[in-house]
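Trainee: This is the structure I have questions about; it appears just below.
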Amino acid sequence: MGDETKRVKLIIESKIKKDKPVSAVFVADTFQRLQNIIYYIVDDLEGNPPRRAGDFPNSVKERAELVITGLNIGSAEAELMLADSQTGLPGSVTFGEKAISIADDIIRKVSEEDISFALSNVIKNGLRQERVIHEFEAIWPDDQSKNNIIIGFGKRVGIPLNPSRRHILRDLLPKPPENVEKSITGRLMEVRVDQRRSFQIDTAEGIVTCSYTPDLENKIVEKYRSASAY
């Protein structure tokens, strides 16, 4: 494997005017998101337990850290490379190179195929799948974006990120639960009259935890006491 497998190419051009300077804040944010993508994938390849918060392990940083090897100002064109100096045995790749290959595969499939690809085949942990998709979705331009973006993971020629494909990434992200109104029937199990103001009902669909407003507290207590008396 040559050094090409360790490189990431990034081109950001203004949609409004080709030679219009690109915001340094936007470029820095894109760099950070690209770095996060490689970190998350290597973290998964190492088999590390998922973390809700906190920094990446040192082993991940050593294998996945990107350094800038070339940068043109104006409309930004940058080349990044894995800082990891490890070289895989003949016919093998390092975790950093494999992460770059996986990132390239994600971009290609979002860009070229009309399917919700099985991300779980390459990233095992569900939380990391979500985080990788979130970073890609944040980088990917939409129709209102001011910039065109081209990214090449492990390739000299990058792939233009087509705004019409961004919805594929958005569709892969978990949907927030919708508020619904529903009547439930079951056995009252527990009533709390402290600040939580909650109660549990054992229903045919499982145990459901409900809450009530402060103005109903006296009525809830009265009903519960009446039911307990029988």
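Laboratory data are not the source of any read-out in this text; all were calculated from the coordinates shown. Keep in mind that what you see is a predicted model, and the values were worked out from it rather than measured. Glycine gets a Cβ as well: all are built from the backbone with ideal geometry, and neighbour counts include every protein chain shown.
Trainee: Are any of the residues in the range 46-69 part of a loop (DSSP other than H, G, I, E, B), surrounded by 12 or more Cβ atoms within 10 Å (Cβ to Cβ), touching a residue at least 12 places away in the same chain (Cβ under 8 Å) and in contact with a strand residue (DSSP E or B) (Cβ under 6 Å, 6 or more places away or on another chain)?
Mentor: Looking for residues that are part of a loop (DSSP other than H, G, I, E, B), surrounded by 12 or more Cβ atoms within 10 Å (Cβ to Cβ), touching a residue at least 12 places away in the same chain (Cβ under 8 Å) and in contact with a strand residue (DSSP E or B) (Cβ under 6 Å, 6 or more places away or on another chain), one finds none in the range 46-69, hence no.
Trainee: Out of the residues in the range 161-210 that are in contact with a helix residue (DSSP H, G or I) (Cβ under 8 Å, 6 or more places away or on another chain) and touching a residue at least 40 places away in the same chain (Cβ under 8 Å), which is surrounded by the fewest Cβ atoms within 10 Å (Cβ to Cβ)?
Mentor: Our first condition is that a residue be in contact with a helix residue (DSSP H, G or I) (Cβ under 8 Å, 6 or more places away or on another chain); within the range 161-210, this holds for 161-162, 165-166, 168-170, 172-174, 188, 191, 193, 197, 199.
Going one step further and asking which of them are touching a residue at least 40 places away in the same chain (Cβ under 8 Å), we end up with 161-162, 165, 168-169, 172-174.
Details: LEU161: 21, ASN162: 13, ARG165: 16, ILE168: 20, LEU169: 19, LEU172: 18, LEU173: 12, PRO174: 9.
Result: PRO174.
Trainee: Select, from VAL157, VAL132, VAL122, the only residue that is more than 18 Å from the chain's Cα centre (by Cα) and β-branched (Val, Ile, Thr).
Mentor: Checking each option against the conditions leaves just VAL157.
Trainee: Shifting gears a bit: Would you be able to tell me the number of residues in the range 112-128 that are part of a helix (DSSP H, G or I) and surrounded by fewer than 17 Cβ atoms within 10 Å (Cβ to Cβ)?
Mentor: Of the residues in that region, 5 qualify.
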